[in-house]
Amino acid sequence: MAQQSGGDKVTRNLVIGMVVFVLLIGVVFSIISNNKGKGPIPSSVSKTNGFGIVFNKDLKDKPVVDLWEDFQCPICARFEETNGKFIQQLITEKRATVIFHTLSFIGPESILAANAGACAADEGKFLQLHAYLYANQGTENTGVWSNQALILAGAGAGITSTKFAECISAGTYTSWVDDVAKDGTDKGINSTPTVFVNGKELDRNTQYFDAAAFQAAIEG
C-alpha cells in the first residue's frame, strides 16, 4: 500500500478540525439555550411574553403593546417624553396590556439600569423608576448609572427599601437582562425603541413621535 502523502494528512486533519469545531458550536448554543430563564426573574415577568415586565396581563379583548427599549437610548427618552404619560394611562386605566422589554444594546450601564428596573418592579415601582431614569438620562456609558447612582435614582422615584438597594448591588437580575437580550435577538429586534401592537410593528417614522398617531395606532 502506498504511503499517505503529507497533503492528504493535512486535508484529513482540516476536515477533522472543522467537524470538531461545528460540534463545539452546537454544544455552546445548546448550553445557552438550556440556561435561558434559569436565573431569578422579577415577579411581574412572564417567560411566555419574552421575559418582559408585564402590566395587565389578564386583560381580554384589549390591545397588547410590546415596547423594546434601552434606558441609555436617547431616542427612547424622546419616545418616553412623547408617549410616557399615555402609556401609563393605558396601564392604570386597564385599557391595554403593556409589556416592557428592557434591552442592553448600549453597554454596561444599560445592563445596570435594566437590572435596577427589575428590582423596582419587585417593589411595585417600575413605572416610577422608568420615568425617573428617562427624565434624568445622561450621556451613554459615562458613569451616570452606576449602582450607587441607581440606588439614589430609586430614592428619587420613591423606593427606599434595603431590599431594593441589595438587589441593585448584587446584580440580582443580570441573567434575566441576558434573557431579554437573547429573546430580542431571536425576534430580530435591532434598534430601540421598537413597538409592536397586537404583534404588528408600528412605523417609527410616522407613529412613534406623533402622540396622536401613536394613540390611534393603539386604540384607533
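Being in a helix (DSSP H, G or I) and either under 22 Å from N49 (Cα atoms) or over 18 Å from the mean Cα position of the chain (by Cα) (or both) is the filter here; which residues of the range 102-111 pass it?
Of all residues in the range 102-111, those in a helix (DSSP H, G or I) come to 108-111.
Answer for the range 102-111, where residues must be in a helix (DSSP H, G or I) and either under 22 Å from N49 (Cα atoms) or over 18 Å from the mean Cα position of the chain (by Cα) (or both): S110, I111.
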Checklist entry - Counting just the residues of the range 179-190 that are assigned to a helix (DSSP H, G or I) and farther than 18 Å from P42 by Cβ, which one comes out farthest from the chain's Cα centre (by Cα)? => result D186
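Can D66 be described as in contact with a Leu (Cβ under 6 Å, 6 or more places away or on another chain) and either among the hydrophobic types (A, V, I, L, M, F, W, C) or at pLDDT 95 or above (or both)?
Values: in contact with a Leu (Cβ under 6 Å, 6 or more places away or on another chain): no; either among the hydrophobic types (A, V, I, L, M, F, W, C) or at pLDDT 95 or above (or both): yes.
No, not satisfied.
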Checklist entry - Condition test on K163, is it under 30 Å from Q215 (Cβ atoms) and not small (G, A, S)? => result no
Checklist entry - Scanning for something closer than 24 Å to S46 by Cα, open to solvent by 40 Å² or more (accessible area, probe 1.4 Å), in contact with a Leu (Cβ under 8 Å, 6 or more places away or on another chain) and part of a helix (DSSP H, G or I), does the range 84-94 turn up at least one residue? => result yes
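Mind checking which residues of the range 121-178 are among the aliphatic types (A, V, I, L, M), open to solvent by less than 40 Å² (accessible area, probe 1.4 Å), within 22 Å of P40 (Cα to Cα) and in a helix (DSSP H, G or I)?
The initial filter retains those residues of the range 121-178 that are among the aliphatic types (A, V, I, L, M), namely 121, 127, 129, 131, 133, 135, 144, 149-153, 155, 157, 159, 165, 168, 170, 177.
Narrowing the set further to residues that are open to solvent by less than 40 Å² (accessible area, probe 1.4 Å) leaves 121, 127, 129, 131, 133, 149-151, 153, 157, 159, 165, 168, 177.
This time we only want the ones that are within 22 Å of P40 (Cα to Cα), so: 121, 127, 129, 150-151, 159, 165, 168, 177.
Across the range 121-178, the qualifying residues are A121, L127, L129, L150, I151, A165, I168, V177.
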Checklist entry - Taking the range 67-79 only, how many residues are open to solvent by less than 30 Å² (accessible area, probe 1.4 Å) and either basic (K, R) or touching a strand residue (DSSP E or B) at 6+ places or on another chain (Cβ under 8 Å) (or both)? => result 7
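Considering the range 146-177 alone, what residues qualify as being of a type outside the set (A, V, I, L, M, F, W, C) and without any contact (Cβ under 8 Å) to a residue 24 or more places away in the chain? Give the derivation first.
Within the range 146-177, the first condition is being of a type outside the set (A, V, I, L, M, F, W, C), and the residues that meet it are 146-148, 154, 156, 158, 160-163, 166, 169, 171-175.
If the condition is that a residue be of a type outside the set (A, V, I, L, M, F, W, C) and without any contact (Cβ under 8 Å) to a residue 24 or more places away in the chain, then Q148, T160, T162, E166, S169 are the ones that fit.
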Checklist entry - Among G143, G158, which is the only one that is more than 19 Å from the chain's Cα centre (by Cα) and over 20 Å from C76 (Cβ atoms)? => result G158
Next on the checklist: Pairs please, first residue from the range 191-220 and in contact (Cβ under 8 Å) with a residue 24 or more places away in the chain and assigned to a loop (DSSP other than H, G, I, E, B), second anywhere and acidic (D, E) and surrounded by 14 or more Cβ atoms within 10 Å (Cβ to Cβ), Cβ atoms under 7 Å, 6+ apart in sequence or on different chains.
Outcome noted: T192/E69; T192/D70; P193/E69
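Find the residue count for the range 133-154, including only residues that are of a type in the set (F, W, Y) and closer than 21 Å to A170 by Cβ. Step through it out loud before you land on a result.
Step one: of the range 133-154, the residues of a type in the set (F, W, Y) are 134, 145.
Now restrict to residues that are closer than 21 Å to A170 by Cβ: 145.
Of the residues in that region, 1 qualify.
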Item to check | G220 being surrounded by fewer than 19 Cβ atoms within 10 Å (Cβ to Cβ) and at pLDDT below 95 | outcome: yes
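The values are calculated or read from the model by the stated rules, or taken from the named source; none is laboratory data. Keep in mind it's a predicted model, so treat the numbers as computed, not measured. Please note: Cβ atoms are built from the backbone with ideal geometry, for glycine as well, and neighbour counts cover all protein chains shown. Each accessible area value is taken on the protein alone, full model and side chains, heavy atoms only, with ligands, DNA and RNA left out. Shrake-Rupley method; radii C 1.70, N 1.55, O 1.52, S 1.80 Å.
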